[in-house]
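These notes concern the structure reproduced below.
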Amino acid sequence: EAGVTQSPTHLIKTRGQQVTLRCSPISGHTSVYWYQQALGLGLQFLLWYDEGEERNRGNFPPRFSGRQFPNYSSELNVNALELEDSALYLCASSLARASYNEQFFGPGTRLTVL
Amino acid sequence: QKEVEQDPGPLSVPEGAIVSLNCTYSNSAFQYFMWYRQYSRKGPELLMYTYSSGNKEDGRFTAQVDKSSKYISLFIRDSQPSDSATYLCAMSKGGYNKLIFGAGTRLAVHP
C-alpha cells in the first residue's frame, strides 16, 4: 500500500514569491494535515482538512492557505514568502473517524526562501 | 510556556544502553500520547501511542504516561545504531483534534 506522497521534494524561492505544495493521502484516508517543521522549532500545526472542508487552523497568518480536492488530495499555498518560511513542510493523513486520529506522515517538501 | 516541553538533546549513548526520553506537558485535556521517530530527511513515523495513563510495551520500546505528573516517557532497551534518529512526543485531546508536538530529542547510538 502506498504511503503519503508529497511533491515537490525540494523547492527554492525568493522573498515575495508564491509557492504551492501538494499532498496525496493514503488510499481510504479522508483527513489531511499540514505541519511546518522549522529548524529548532519542532512540528507546528498549520491546517487540517477533512471531507473537503477546513476543520482547524494553527497560529499562522492568512497567507498560508490550502484546499482539499474531491479525491482527498490537498494543496498548501503560501503567498508573499518570507525568509522565516524556510522549513520542511509535512503532510499527514488519517482515517477521519479513527478514535485517536493516528496520523501517517509523508517525506515532506523542503522549502528554502532566499 | 510551551504546551509540550521536550529536551532537544543531543543524547549520545553506547550500543546496548537503555535510553530514556521524556516530555512534560501543561494541558490536562490531553488524552492520547504518541511517540514518533524521524530519521534525517524523512517524515516522522509512529512508534507507539498510549491512551490516558499507563504503560505500553512493544519489543524493545516501552511508553509510560503519568497524567498526574503530566509526564510521559519512552524507554528503548538494548539500543542499536539504527535507533539513531530524532524522537518526537506528540499529544492530542482525541477525536479530531490536532497533534501538539514536542521539539524532538536527537539520539545518537554509537557502536
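Annotation: residue A:30 carries an accessible surface of approximately 20 Å², with a 1.4 Å probe and no ligand, DNA or RNA atoms counted.
Its residues counted as N, the range B:23-111 yields a C-alpha radius of gyration over 2.2 N^0.38 Å of 1.07. Residue by residue along A:53-64, Cβ atoms of other protein chains within 10 Å of the local Cβ number 1 on average. For residue A:39 and residue B:1, the FRET efficiency from 1/(1 + (r/R0)^6), where r spans their Cβ atoms and R0 equals 22 Å, is about 0.55. Extent along the principal axes, Cα only, for the range A:8-49: 37, 22, 16 Å, with the longest axis given first. For the pair residue B:29 and residue B:110, label points projected 7 Å from Cα toward Cβ lie 4.5 nm apart.
Farthest toward the positive end of the dipole of the range B:56-111, out of B:80, B:61, B:104, is the Cα of B:104, where the dipole comes from beta carbon charges about the Cα centre. Per-residue surface analysis assigns residue A:21 an accessible area of about 0 Å², computed on protein heavy atoms at 1.4 Å probe radius.
When you look at the Cβ of every residue in A:39-45, what mean number of other chain Cβ atoms sits within 10 Å? Don't jump to the answer; show the numbers that get you there.
Values: counts 0, 3, 3, 13, 11, 2, 5.
Mean inter-chain Cβ contacts per residue within 10 Å come to 5.
The range B:9-70 to the range A:39-61: how many Å between their Cα centroids? One Cα centre to the other: 22 Å.
How would chain A be classified by its alpha-carbon gyration tensor: rounded, prolate or oblate, with rounded meaning a/c under 1.5 and the a/b versus b/c comparison settling the rest?
On the way: a/c = 1.77, a/b = 1.69, b/c = 1.05.
In terms of gyration-tensor shape, prolate.
Which of the trypsin sites (Lys or Arg not before Pro) found in the range A:9-74 are in a DSSP loop and have at most 14 neighbouring Cβ atoms, other than their own, within 10 Å? Write out the running numbers ahead of the final one.
Values: sites: A:13, A:15, A:22, A:55, A:57, A:63, A:67; in loops: A:15, A:63.
Those satisfying the criteria are A:15, A:63.
Heavy-atom accessible area for residue B:23, with the other protein chains in place and a 1.4 Å probe, reaches approximately 0 Å². With the simple model of a label 7 Å out from the Cα in the direction of the Cβ, residue B:41 to residue A:22 spans 2.3 nm.
Over the protein assembly as shown, with every protein chain in place, what whole percent of the accessible area is carbon and sulfur at 1.4 Å, could you tell me? Working shown, then result.
Working: 5220 of 10730 Å².
Within the protein assembly as shown, the accessible surface is 49 percent carbon and sulfur.
Heavy-atom accessible surface of chain A, averaged per residue, reaches 48 Å², computed with a 1.4 Å probe. Chain B and chain A together bury an accessible surface of about 1800 square angstrom, both sides counted, with a 1.4 Å probe and no ligands or nucleic acids included. The C-alpha atoms of the protein assembly as shown occupy a region whose extents along the principal axes are 47, 39, 37 Å, arranged from largest to smallest.
The values are calculated or read from the model by the stated rules, or taken from the named source; none is laboratory data. Keep in mind the model is a prediction, meaning the values are calculated, not measured. Because the Cβ atoms are built from the backbone with ideal geometry, glycine has one as well, and the counts that use them run over all protein chains shown. Just so you know, the surface numbers come from the protein's heavy atoms only, side chains and all, with ligands and any DNA or RNA stripped out. Shrake-Rupley method; radii C 1.70, N 1.55, O 1.52, S 1.80 Å.
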